[in-house]
1. Could you tell me which residue of region 353-383 is surrounded by the fewest Cβ atoms within 10 Å (Cβ to Cβ), considering only residues that are in contact with a Pro (Cβ under 8 Å, 6 or more places away or on another chain) and under 21 Å from residue 242 (Cα atoms)?
2. Residue 161 - would you say it is free of Cβ contacts under 8 Å to residues at least 24 places away in the same chain and either over 21 Å from residue 1 (Cβ atoms) or out of contact with any His (no Cβ under 7 Å at 6 or more places or on another chain) (or both)?
3. Evaluate the following for residue 58: is it exposed (fewer than 15 other Cβ atoms within 10 Å of the Cβ), more than 20 Å from the chain's Cα centre (by Cα) and without any contact (Cβ under 8 Å) to a residue 40 or more places away in the chain?
4. Of all residues in region 350-396, how many are free of Cβ contacts under 8 Å to residues at least 60 places away in the same chain and at negative phi?
5. Residues being within 17 Å of residue 374 (Cβ to Cβ) and touching a Pro at 6+ places or on another chain (Cβ under 9 Å): count how many of those fall in region 295-322.
6. Would you mind listing the helices (runs of 4 or more DSSP H) fully within region 335-415 where at least 3 residues are among the charged types (D, E, K, R), over 24 Å from the mean Cα position of the chain (by Cα) and in the same structural domain as residue 126 (by TED's automatic domain parsing)?
7. What do you reckon, is residue 169 in the same structural domain as residue 18 (by TED's automatic domain parsing) and farther than 17 Å from residue 195 by Cα?
Amino acid sequence: MRLLVITPHFSPDTAPTGVIVTELVNSWCKKGHQVHVITSLPWYENHEVVDDWKNCFIKKTINGSVEITRVYPFPNKKSNLFIRGLGFMGFSLLVSILSIFSKGPFDAVYALSPPITLGTAGKVASMRHRCPLVFNVQDIFPDAAIETGVFSSKLLIRVAKIFEKISYHSSELITVLSQDMRENINGKLFDSKKTPVVSVMPNFALSEFFHTDEENKYKKENCLEGKIVVMYAGNLGYSQPLELIVDSAKAHLDNEDLIYVVNGGGVKTDYLKREARVIRNLVFVEYQPFERLPEVLSSADIHLVILKSGLGDVSVPSKIYNIFASGKPVVVSVDPGTELERLVLEAEAGFVVAPDEPDAFHEAIRKLSDDSSLRDKMGESAQMAAKKWYSAEAVSDLYIESIKELKTNNNESLP
């Protein structure tokens with residue numbers, strides 16, 4: 001089978017969605033499928049094209065059975081929404097043009113969102129190559145941006161919703177991470193003559209997160225040895241109520257054995273750096289290379305996953321799977337009744353509190369920090385659950401089976 005993959009990030013870029021797509025592509029290729037990836041030059045970590053790629057506008061490489069075409073991503077800072085939107089549209093336009101001239105035939109186009117504009121690029125590619133479009137939605141856009149207040153302009157919201165509608169109605173198969181997201185999208189498809197299939201396809205833990213070295217250099221480098229480490233690792237953006245972590249660190253200043261570590265980057269980086277300078281039990285660590293992430297996650301005793309109110313049914317942070325694989329318990333702040341809550345509670349892997357319950361959040365951390373046997377028990381349960389979940393291989397097989405079914409249905413509908 002030949003697949004055309006359109007994704008905003010791909011290895012060696014370090015974006016979480018890029019890591020997921022890279023694993024899927026590698027799994028497809030191991031099974032004998034051929035894949036052409038159209039993606040961006042690596043730029044995610046510092047929002048600028050990395051040094052080895054700076055003199056490129058379009059770069060083509062071949063790695064085994066994977067052909068990769070990388071294009072300039074028009075990088076920009078997240079704080080400038082207008083420029084960021086133009087960058088996404090420019091990137092998507094380039095991707096669309098390259099997809100037209102990509103050498104087919106292809107059995108399917110796989111496109112990933114965000115950005116939502118890649119749905120339109122995927123449709124252009126699927127029309128050119130006369131094959132179905134599989135649209136993978138990692139976060140529902142623009143719902144998340146509206147909920148966080150990032151989008152307030154009525155015009156901007158209207159334009160974003162137009163792109164969303166076009167992307168959904170252009171797809172034969174839409175894949176999402178949870179039942180909540182499936183219901184959200186199904187509710188927006190009522191006026192379509194041709195209704196796509198919306199299926200739940202979860203993300204997965206990567207195999208390397210199950211195996212970490214006994215010696216943890218990360219702990220030594222950041223003076224964390226002998227401490228109970230409470231860690232938030234990931235994006236520091238608009239979707240995360242990072243003040244909750246800062247307030248929790250302040251609430252636990254009386255416990256000299258407890259230290260909070262924020263490891264990551266994003267628009268709230270400067271805020272976290274300032275707070276870490278004045279709160280003695282809060283440490284800020286810059287974004288780490290992906291190859292160090294298993295070591296980073298294993299250095300924690302307690303992990304934190306937080307989402308602002310209203311986001312629980314439009315997003316499932318992919319890091320939860322790797323946190324579970326690392327064998328550590330988690331305290332989650334998320335809307336009740338959503339997928340993230342279900343994952344943690346069914347796995348018996350930690351505590352879940354509502355976004356508007358900071359005292360309960362602080363208390364859950366205190367309870368875990370005071371009871372090492374409880375941490376061990378929940379951490380073991382988390383890792384057992386991760387081993388039972390879908391692997392990259394299993395999810396890649398699900399996609400292939402779904403594409404085969406789409407092609408069969410399309411052939412049966414032909415006159």
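The values are calculated or read from the model by the stated rules, or taken from the named source; none is laboratory data. Computed from a predicted structure; not experimentally measured. All Cβ positions, even for glycine, are placed from backbone atoms using ideal geometry, and neighbour counts span all protein chains on display.
1. 354
2. On the way: free of Cβ contacts under 8 Å to residues at least 24 places away in the same chain: yes; either over 21 Å from residue 1 (Cβ atoms) or out of contact with any His (no Cβ under 7 Å at 6 or more places or on another chain) (or both): yes.
Yes.
3. Details: exposed (fewer than 15 other Cβ atoms within 10 Å of the Cβ): yes; more than 20 Å from the chain's Cα centre (by Cα): yes; without any contact (Cβ under 8 Å) to a residue 40 or more places away in the chain: no.
No: the conditions fail for residue 58.
4. Within region 350-396, the subset free of Cβ contacts under 8 Å to residues at least 60 places away in the same chain is 350-354, 356-357, 359-360, 363-364, 367, 370-374, 376-382, 384, 388.
From what is left, the residues that are at negative phi are 351-354, 356-357, 359-360, 363-364, 367, 370-374, 376-382, 384, 388.
Residues flagged as free of Cβ contacts under 8 Å to residues at least 60 places away in the same chain and at negative phi within region 350-396 amount to 25.
5. From region 295-322, those within 17 Å of residue 374 (Cβ to Cβ) are 300-304; that's our starting set.
Now restrict to residues that are touching a Pro at 6+ places or on another chain (Cβ under 9 Å): 301-303.
Counting residues in region 295-322 that are within 17 Å of residue 374 (Cβ to Cβ) and touching a Pro at 6+ places or on another chain (Cβ under 9 Å) gives 3.
6. Numbers: elements: 339-347, 358-370, 372-388, 392-413.
Once the helices (runs of 4 or more DSSP H) in region 335-415 are filtered for at least 3 residues that are among the charged types (D, E, K, R), over 24 Å from the mean Cα position of the chain (by Cα) and in the same structural domain as residue 126 (by TED's automatic domain parsing), what remains is 392-413.
7. Spelling it out, it is not the case that residue 169 is in the same structural domain as residue 18 (by TED's automatic domain parsing) and farther than 17 Å from residue 195 by Cα.
Conditions tested, residue by residue: (1) in a helix (DSSP H, G or I); (2) crowded, with 24+ Cβ neighbours inside 10 Å; (3) at pLDDT below 95.
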| site | (1), (2), (3) |
| --- | --- |
| 276 | yes, no, no |
| 303 | no, yes, no |
| 310 | no, no, yes |
| 323 | yes, yes, no |
| 328 | no, yes, no |
| 332 | no, yes, no |
